[in-house]
Amino acid sequence: MNDDVLAAYDWVRRDLDGLLAKGKDESIINGESVGVTGDSAGGYLSLMLGVTAQPPLKACCPFYGLSDLSTLASGHKVRIDRIQTVQPVAPR
């Protein structure tokens, strides 16, 4: 399933970069500034894209998706080295 998410990310970056809104002269999509979000299973998929996407995402905002993958590692090969702790950013 992560292959589908990676393919969608590549498609947005490649094919929608510079897309123009109907009747407008300015681009509405910048393929270099892609972020993702999702809730529940979508939150999990957004997290997986966040640790595998190349080039890296500009933003990843999952809502209550599975996130503590270290608890799933017993008996399975999980790339824990790809998981990074992100510190919250204080609002400006």
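The values are calculated or read from the model by the stated rules, or taken from the named source; none is laboratory data. The model shown is predicted, which means the values in this text are computed figures rather than measured ones. Cβ atoms come from the backbone with ideal geometry, glycine included; neighbour counts cover every protein chain shown.
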Checklist entry - Take the residues of region 32-44 that are assigned to a loop (DSSP other than H, G, I, E, B) and surrounded by fewer than 16 Cβ atoms within 10 Å (Cβ to Cβ): which is modelled with the highest pLDDT? => result S40
Next on the checklist: List the residue pairs whose Cβ atoms are under 7 Å apart, where the first residue sits in region 17-39 and is hydroxyl-bearing (S, T, Y), the second is at pLDDT below 70 and surrounded by 10 or more Cβ atoms within 10 Å (Cβ to Cβ), and the two are 6 or more positions apart or on different chains.
Outcome noted: S27/L20
